Amino acid sequence: MRQIVLAGNWKMHTTLSEAVSLARAVDHCIREQSLPSHYSVLLCPPFPFLEPVRQVIQHPSLFLGAQNLYPGDAGAFTGEVSAPMLRSVGCTYVIVGHSERRKIFGETNDLINAKIASARTHQLVPILCVGETWEERAAGKTEAVIEEQLRSGLADISLHHPGELLIAYEPVWAIGTGHAATPEQAQVVHRWIRHWLAQHYGADFADGTPILYGGSVKPANAADLLAQPDIDGALVGGASLKAESFCAIIQAALPS
Ligand code: PGA
């Protein structure tokens, strides 16, 4: 059975005390729901709050992820954070290639590829974000853009078992806009991504790999999105910053 993953990407939000309270509240709320064993919840706070958040999360299905990493183990890279550092504070996942990193910080598919390699070397599960802009969609280029992001992002990365990689389909036009993709729009792309994975890594790998949807996921649209056969979770930005809304999304993802 495929893992269902609900991930909160806190981006550059929260102070120390807010981060700790939010993590505590999420831990508390998933304690109150009986999460099936194939469900995982993931918190991705800003770097300085990884360790304090780790200290307050207790639920065995609640995991810690980072929002980014540098593809080197250690060295003269002022301001950067490496995979071994993330491992040492208890991270098990890392978001790679988020569209904000691609757009604002100019990250290329080659850099993203190096980050994924580093994450894999250090047993962090990369969450590779892919997605098209509105202009690319309007020009009929959605699949070509995602194909390139997958092909170069995963070049020379050896992957054998589901769970070694998560994909997040995040249409750029849906992130932070309040306009999520419709469940049907998202399903079409998710199915295409799974087909691509099957061609490159085999049917078992593709069947078992969680493909998350991200972009304006809210309590009100989560159930319909997650009901799609190829949507295996959500990467949630804004709505993960309030325990109430993130918990409502987790609840919406549970089997009825
Ligand atoms: P959003 O962000 O839920 O605020 O649209 C999603 C993301 O960027 O991962």
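Each value in this text was obtained by applying a stated rule to the coordinates, not by laboratory testing. Predicted, not measured: the structure shown is a model, and the values here were computed from it. A quick note on method: Cβ atoms are made from the backbone with ideal geometry, for glycine too, and the neighbour counts reach across all protein chains shown.
Things worth noting here:
- Sites matching chymotrypsin sites (Phe, Trp or Tyr not before Pro) across segment 103-170 that sit in DSSP coil, with at most 12 neighbouring C-beta atoms within 10 Å: F105
- Cysteine residues of the chain whose Cβ has no partner cysteine Cβ closer than 4.7 Å: C44, C91, C129.
- Taking every DSSP bridge with both residues inside the chain, close to 0 percent are antiparallel.
- By the rule of a C-alpha distance below 19 Å, with chain neighbours fewer than 8 residues away ignored, the aspartates and glutamates paired with K115 are D73, E80, E100, E107, E147, E148, D156, E164, E170.
- Ordering of 46-53, 61-68 by packing [mean C-beta count within 10 Å, highest first]: 61-68, 46-53
- Debye, to nearest 20: dipole size of segment 4-253, +1 on Lys, Arg Cβ, -1 on Asp, Glu Cβ: 420
- Normalised by 2.2 N^0.38 Å, with N the number of residues, the alpha-carbon radius of gyration of segment 4-253 equals 0.94.
- Whole-Å distance, taken between Cα centres, linking segment 171-201 and segment 55-100: 25
- Of the residues L86, T14, A206, the one whose Cα sits farthest toward the positive end of the charge dipole of the chain, with +1 on the Cβ of Lys and Arg and -1 on the Cβ of Asp and Glu, is T14.
- Summing Lys and Arg as +1 and Asp and Glu as -1 over all other residues whose Cβ lies under 13 Å from the Cβ of F49 gives a net charge of +1.
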